[in-house]
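Quick notes on the structure that follows.
The values are calculated or read from the model by the stated rules, or taken from the named source; none is laboratory data. This structure is a prediction, so every number in the text was calculated from the model and none was measured. Because the Cβ atoms are built from the backbone with ideal geometry, glycine has one as well, and the counts that use them run over all protein chains shown. Accessible surface is based on the protein model in full, side chains and every heavy atom, while ligands, DNA and RNA are left aside. Shrake-Rupley method; radii C 1.70, N 1.55, O 1.52, S 1.80 Å.
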Amino acid sequence: MNHDLRACCAEFQIDGTYIDGGPYGTGHINDTYAVRSQTATGPVRHILQRINHNIFKDVPMLMDNIARVTEHLRTKLQDVPGVNPERETLTIIPTTDGSPYLKDENGDYWRAYIFIEGAQTYDEVQSEDQAYQAAFAFGTFQGYLLDLPPPRLVETIPDFHHTPKRFATLVEAIDADPCNRAAQARPDIESALAHEEMTGRLIRDLEAGRLSERVTHNDTKINNVMLDDATGRGICVIDLDTVMPGLVLYDFGDQIRTTTGTAPEDEQDLSKVRFQINMYEALVKGYLDAAGSFLTAAETDYLAFCGKLITFEIGIRFLTDYLSGDVYFKTHRPGHNLDRTRTQFEMVRQMEEQEEEMNAVVSSLR
Ligand code: ADP
Ligand code: GN1
Ligand code: MG
């Protein structure tokens, strides 16, 4: 759909005159645009996002979460020498009437952020150092949020990482098979059903009090952290829609899912998909350097297991969406969600094969 970005910008406290704007990034959920405005000191970019309100049902509440989290991060960052908080956390630009979001005449919700210049996101990690830096940044982010003042953040998507419920939803989609696609996915369905046993492990430990709830990001894929062009440092964790109460292990697991493979999330040639233990080691180092001081022994024990668990969880979400007719994730070709499913399941298979080696990495670094 074409949106009038100029008119939209005019609704926000964005200085200068609109120059141009266009789609930006490769996220699967929101519509993200980079817009440029001419100011007295030259062109300035902003991020403008149309928030997917089919998925995020209560946008005012979601924006309240993000405002609280970014304000808290800002107060922490102000005390760190040499840090510019406007580059190291997202900054919401309010609308001309002071609201953190805009609701337009179509019922669409929009928000604007300061554009973080001189840094980038990567869909695929290019070096061990990038893996280390990303994990350090996500660990630091969790650490800053340990003392977020009450009340509890609202769950923007309830049961987001409740893997057993995700599994039950998959089973419903297999039974209903509304698009007659189950036949094309028979081996994938068999593989999914064979893994039911592991789905409840972290949730059971949470319910039994062996793991604790913290404020977590919940969508820590590698392209949700910006790495500084000059220093390579992970400077800013972005995509804060799912910051809410959760388990740190799902955050670390999604870093494993998205940084240890040799191929993109939607690779069609599975022979190119290979789990790399050296990338895993870099992640564990980065994460423990940032979060080792607050992680419990029970959490550290799961730093290998969580990788295959969330990779399986995202795999069954892609499979559910394939069977349901591609209604949740953006897709760019027929069978896209099935390709994504297969890549995830191949990564799960390889992590299962190398779980001992992964646990040995954790033992040597903890
Ligand atoms: P989605 O929820 O669709 O994944 P994101 O919030 O992750 O949307 O934004 C999509 C992409 O836009 C990111 O991967 C990143 O490259 C870019 N981006 C988002 N926010 C900023 C920002 N404040 N500054 C610069 N780039 C950004
Ligand atoms: C979505 O928004 P994005 O593209 O960063 C999804 C994640 C999945 C991911 C898979 C709110 O993340 O849960 O892991 O796609 N976000 C939401 O690539 O569902
Ligand atoms: Mg994103």
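Numerical summary
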{"read-out": "Top positive-direction residue, dipole computed over segment 5-117 with Cβ charges, set 107, 38, 77", "value": "77"}
{"read-out": "Student exercise, segment 251-366 dipole from Lys, Arg, Asp, Glu Cβ charges, in Debye to nearest 20", "value": "240 debye"}
{"read-out": "Backbone HN-Hα couplings from phi across segment 313-322 [Karplus 6.51/-1.76/1.60, Hz, Gly and Pro as x]", "value": "4, 5, x, 6, 5, 5, 5, 4, 5, 4"}
{"read-out": "Cα Rg, Dmax, segment 140-236, angstrom units", "value": "18.5, 52"}
{"read-out": "Average projection area in nm² (convex hull over Cα atoms of the chain, one quarter of hull surface)", "value": "18.8 nm²"}
{"read-out": "Cβ-based charge dipole, segment 128-365, positive-most Cα from 206, 216, 170", "value": "170"}
{"read-out": "Residue among 312, 138, 12 with the largest mean-square fluctuation in a Gaussian network model of the chain, springs linking Cα atoms under 10 Å", "value": "12"}
{"read-out": "Size of electric dipole in segment 227-282: Cβ of Lys, Arg +1 and of Asp, Glu -1, about Cα centre, debye, nearest 20", "value": "240 debye"}
{"read-out": "GNM result for the chain, Cα springs below 10 Å: residue of 55, 174, 19 fluctuating most strongly", "value": "19"}
{"read-out": "Highest-fluctuation residue, 236, 179, 306 considered, GNM on the chain with Cα pairs under 10 Å", "value": "179"}
{"read-out": "Carbon plus sulfur fraction of accessible area for the chain, probe 1.4 Å, in percent", "value": "48 percent"}
{"read-out": "Accessible solvent surface per residue of the chain, calculated while the other protein chains remain in place, 1.4 angstrom probe, Å²", "value": "44 Å²"}
{"read-out": "For residue 181, solvent-accessible area (1.4 Å; no DNA, RNA or ligand), Å²", "value": "60 Å²"}
{"read-out": "Built amide H within the under 5 Å cut-off of residue 51, gap 5+", "value": "109, 110, 111"}
{"read-out": "Computed accessible area, residue 159, all protein chains, 1.4 angstrom probe, square angstrom", "value": "70 Å²"}
{"read-out": "Leading residue at positive end of dipole, the chain (Cβ point charges), from 258, 142, 296", "value": "142"}
{"read-out": "Within straight-line cross-link reach of residue 272, aspartates and glutamates at Cα separation under 15 Å, skipping those fewer than 8 residues along the same chain", "value": "124, 339, 346"}
{"read-out": "Separation between Cα centres of segment 228-283 and segment 119-161, rounded to whole Å", "value": "10 Å"}
{"read-out": "Added length on full extension, which subtracts the Cα-Cα distance from 0.36 nm per residue, residue 74 to residue 233", "value": "55.4 nm"}
{"read-out": "Heavy-atom accessible area ranking, 1.4 Å probe, most first, across 364, 293, 37", "value": "293, 364, 37"}
{"read-out": "D_trans [Stokes-Einstein, Kirkwood Rh over alpha-carbon pairs] for segment 228-366, 20 °C, 1.002 mPa s, µm² s⁻¹", "value": "133 µm²/s"}
{"read-out": "For residue 216, residues with placed amide H under 5 Å, excluding near neighbours", "value": "244, 246"}
{"read-out": "Dimensionless Rg ratio for segment 5-117, taking C-alpha atoms and the 2.2 N^0.38 Å reference", "value": "1.08"}
{"read-out": "For the chain, size of Cβ-based charge dipole, Lys and Arg +1, Asp and Glu -1, in debye", "value": "260 debye"}
{"read-out": "Helix 336-353 vs. the chain, principal-axis angle (Cα, 0 to 90°, nearest 10)", "value": "50 degrees"}
